[in-house]
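Report on the following structure.
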Amino acid sequence: MHESKVVLVTGGGRGIGAATALLYASKGYTVCINYKSNSLAAESVARQIQSAGGKCITVQADVSREEDVARLFATIDKELGRLSVLVNNAGILRPQSRLVDMSADRINTILTNNVTSYFLCCREAIKRMSTRLGGKGGAIVNVSSGAARSGSPNEYIDYAASKGAVDTLTKGLSLEVAAEGIRVNCVRPGLIYTEMHADGGEANRVERLKSIIPLKRGGEPQEVAEAIYWLSSEKASFSTGNYLDLAGGL
Ligand code: NAP
């Protein structure tokens, strides 16, 4: 019997993660939707997948916490079987601020949620995918940001630096596991219409800035999802350690 492939999308209840979970389900994947606190949003995505005949589960886990990550992966092992794809997507933003006004608490919160979480999920995925460790290979896609290139001055250097770390994680890890059947790539979205900008203190940020985007519009979560899916698919079988910019030319 043909077994469907399993994907974990962290932060899959809203925004880019939700669009990604829906896309993988439409391609026949069994999907694990992880979320931190918004169970209603995650359940709504799960219902959409299930009503279209797809298979998915939702798992609450704060991926910045090691014990939660262990529980998340153990649940996938038990309920869905072998993991083929990890999409590290969960991320947070704090209100726009200059560095002089940032507390250590804020900086550490950004780094643990946006960087430590990706490291921990990569570690658990590799334990399961690595041919060196008895696995059958797999693909990891990290969601970074155009902020890693711009540095986000006067808005959130902490967030931008966390995404710079994601880029470096992608590069180093891709080389570390290249001979173990695992490809590691990342996407770097620009201004995408999601609720994240409200967390940054400016819900209409994409509208305000869209005139400086060469394509003259913000991006949709589905456009990022397509790139994530492609990078994890066999169509991208010779791609590892790469960054795919999705920023409308910005
Ligand atoms: P979003 O709409 O705010 O959704 C964020 C998701 O991440 C939510 O599902 C949230 O869970 C989850 N999450 C946050 N912290 C978590 C944690 N510690 N553990 C588990 N889940 C957690 O954000 P988005 O815009 O779709 O962003 C998705 C990714 O794209 C992020 O990595 C972001 O940095 C990146 N990105 C976004 C843009 C943009 O313009 N929107 C641009 C570049 C990069 P709950 O639903 O439970 O809160």
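The values are calculated or read from the model by the stated rules, or taken from the named source; none is laboratory data. These numbers come from a predicted model, not from an experiment. Cβ coordinates were reconstructed from backbone atoms using ideal geometry, including for glycine residues, and neighbour counts include every protein chain displayed. Remember, those area values only see protein heavy atoms, side chains included, never the ligands or the DNA or RNA. Shrake-Rupley method; radii C 1.70, N 1.55, O 1.52, S 1.80 Å.
Computed over the Cα atoms of the range 116-177, what is the ratio Rg over Rh, Rh following Kirkwood? Walk me through the numbers on the way to the answer.
Working: Rg = 13.8 Å, Rh = 12.7 Å.
With Rg and the Kirkwood Rh in hand, the quotient comes to 1.09.
Between Asp199 and Ser4, residue separation times 0.36 nm minus the direct Cα-Cα distance comes to 66.6 nm. With no solvent and one point on each alpha carbon, what is the Debye value of log10 I(q)/I(0) for the chain at q = 0.12 Å⁻¹? Taking Cα atoms of the chain as identical point scatterers yields -0.65.
Counting only protein heavy atoms, what percent of the accessible surface of the chain is carbon or sulfur at a 1.4 Å probe?
Numbers: 6230 of 11620 Å².
C and S fraction of accessible area: 54 percent.
Taking a spot 7 Å from the Cα of Ala52 along the direction of its beta carbon, which residues of the range 205-238 have an amide N less than 20 Å from it? Answer for this model: 220-235.
Of all the options Arg188, Arg47, Arg208, the one that moves most in a Gaussian network model of the chain with Cα springs shorter than 10 angstrom is Arg208.
For the range 6-245, the number of Lys pairs separated by eight or more positions or lying on different chains, with C-alpha atoms closer than 25 Å, is 24. Of all the options Ser97, Ser174, Ser51, the one that moves most in a Gaussian network model of the chain with Cα springs shorter than 10 angstrom is Ser51. Do you know the relative contact order of the chain, to the nearest whole percent, from alpha carbon pairs under 8 angstrom that are 6+ apart? It comes to 19 percent, rounded to a whole number. Projecting the alpha carbon convex hull of the range 140-250 along each direction and taking the average yields 6.9 nm². Listed by chain and number, the aspartates and glutamates whose C-alpha is less than 18 Å from the C-alpha of Lys5, apart from same-chain residues fewer than 8 away, are Asp77, Glu79, Glu124, Glu226, Glu234. Roughly how many Å² is the accessible area per residue of the chain, as a whole number, for a 1.4 Å probe? For the chain, the solvent-accessible area averages 46 Å² per residue.
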